[in-house]
Amino acid sequence: MTVRISHTAEVTAFFEQAAGLGQEQGNPRVKQIVLRLVQDLARIVEDLEITESEFWKSVDYLNRLGARGEAGLLAAGLGIEHFLDLLQDAKDAQQGLVGGTPRTIEGPLYVAGAPMAEGEVRMDDGTDPGTVMFLQGRVLDEQGKPLAGAIVDLWHANTKGNYSYFDSSQSEYNLRRRIVTDAEGCYRARTIVPSGYGCDPQGPTQECLDLLGRHGQRPAHVHFFISAPGYRHLTTQINFEGDKYLWDDFAYATRDGLIGQLRIIEDAEAARSRGVASDRFAVMDFDFQLQPAACAQAEVRSERPRALQGA
């Protein structure tokens, strides 16, 4: 027989005390959240009859997850980060805020402070033998007019599926840049075609996914922050058409309107004209459309803690 005591006055008062509700010091918002967390956790323990062994193994798992810095990865893998996007979509729809390029997850691998360039830039350091890719497009307003001076902040993995900063073998800010759009709202980047990747098979995120019977693979993709004065900040990413995991992304980032078509060009003369040593290169065109910002806060990205090179 399941025993439930979390609803009793005695336990309710106990949790309120544990959450600091009787203290003048502290943060009221944090107290509210912690109270709800301990109450809901207690109900889960009761309803699912969690054993002491299961509880403390879970605590150990959280310790290992944090030690590996994979909490953000697991949040994506369990669909929580995608849920935040779905929730914001619903709030936008309720307020009549529609149109523009869809948002999708940021992921845990952004690094702040990438070099800034005007109009166009080369993103790779030349050490990866991957296929050269020319990524280009425009940033537009809600009427389709170009936005000059918008900032396109983009980052992606190398051909091994690894990101600079988190992969010490790569140079500082490799495959990470910020581009200020030109008078026609255009951005242009020379880079390499990234690879998809998977969670570390020995890491705690994949350990959890294994217990759920799920893989931890992602399709090839490029991340973006797009911002411009007077417009809503956009966090999004382009996933590559034709990738095996396009619609089977363990992080649930693929959305209609965010699929890029990679064109492979095998033309020695065209390659030479673009400064490419190989006879083969790729091109991807992708435009972004921003919504107007209802307030100044909407123009900036969230205050999520992020890595900073050299910090």
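At a glance:
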quantity	calculated
Residues satisfying the stated conditions in region 247-269, i.e. exposed (fewer than 14 other Cβ atoms within 10 Å of the Cβ), in contact with a strand residue (DSSP E or B) (Cβ under 8 Å, 6 or more places away or on another chain) and not charged (D, E, K, R)	261, 264
Condition met for residue 16 (touching a helix residue (DSSP H, G or I) at 6+ places or on another chain (Cβ under 8 Å), modelled with pLDDT of 95 or more and outside the structural domain of residue 163 (by TED's automatic domain parsing))	yes
Residue match in region 228-239 (condition: among the charged types (D, E, K, R) and in a helix (DSSP H, G or I))	no
Residue match in region 270-277 (condition: more than 26 Å from residue 113 (Cα to Cα), surrounded by fewer than 20 Cβ atoms within 10 Å (Cβ to Cβ), out of contact with any Phe, Trp or Tyr (no Cβ under 8 Å at 6 or more places or on another chain) and modelled with pLDDT under 95)	yes
Region 11-32, subset loosely packed, with under 12 Cβ neighbours inside 10 Å and under 33 Å from the mean Cα position of the chain (by Cα), residue farthest from residue 1 (Cα to Cα)	27
Positions within region 122-145 being out of contact with any helix residue (DSSP H, G or I) (no Cβ under 9 Å at 6 or more places or on another chain) and farther than 27 Å from residue 292 by Cα, in sequence order	122, 123, 124, 125, 126, 127, 128, 129, 130, 131, 133, 134
Enumeration of residues in region 73-115 that are of a type in the set (Gly, Ala, Ser), buried (at least 20 other Cβ atoms within 10 Å of the Cβ) and assigned to a helix (DSSP H, G or I)	76, 77
Check on residue 164, out of contact with any Leu (no Cβ under 9 Å at 6 or more places or on another chain), polar (S, T, N, Q), assigned by TED's automatic domain parsing to the domain that holds residue 220 and at negative phi	no
Complete set of residues in region 236-246 that are surrounded by fewer than 21 Cβ atoms within 10 Å (Cβ to Cβ) and either among the β-branched types (Val, Ile, Thr) or touching a Ser or Thr at 6+ places or on another chain (Cβ under 7 Å) (or both)	246
Enumeration of residues in region 264-304 that are farther than 15 Å from residue 103 by Cα and polar (S, T, N, Q)	273, 278, 297
Near pairs, Cβ below 7 angstrom, 6+ apart or cross-chain, from region 38-53 (assigned by TED's automatic domain parsing to the domain that holds residue 5 and closer than 9 Å to residue 6 by Cα) to any residue that is of a type in the set (Lys, Arg) and not in a helix (DSSP H, G or I)	46/4
Residue that is at pLDDT 95 or above, part of a loop (DSSP other than H, G, I, E, B), in contact with a Lys or Arg (Cβ under 7 Å, 6 or more places away or on another chain) and surrounded by fewer than 22 Cβ atoms within 10 Å (Cβ to Cβ), where the choices are 169, 195	195
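Rundown of residues vs (1) without any contact (Cβ under 8 Å) to a residue 12 or more places away in the chain; (2) assigned by TED's automatic domain parsing to the domain that holds residue 97; (3) touching an Asp or Glu at 6+ places or on another chain (Cβ under 8 Å), yes/no style:
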| position | (1), (2), (3) |
| --- | --- |
| 191 | no, yes, yes |
| 196 | no, yes, yes |
| 213 | yes, yes, no |
| 216 | no, yes, no |
| 220 | no, yes, yes |
| 232 | no, yes, yes |
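The values are calculated or read from the model by the stated rules, or taken from the named source; none is laboratory data. A quick note: this is a predicted structure, and the numbers were derived from the prediction, not measured. All Cβ positions, even for glycine, are placed from backbone atoms using ideal geometry, and neighbour counts span all protein chains on display.
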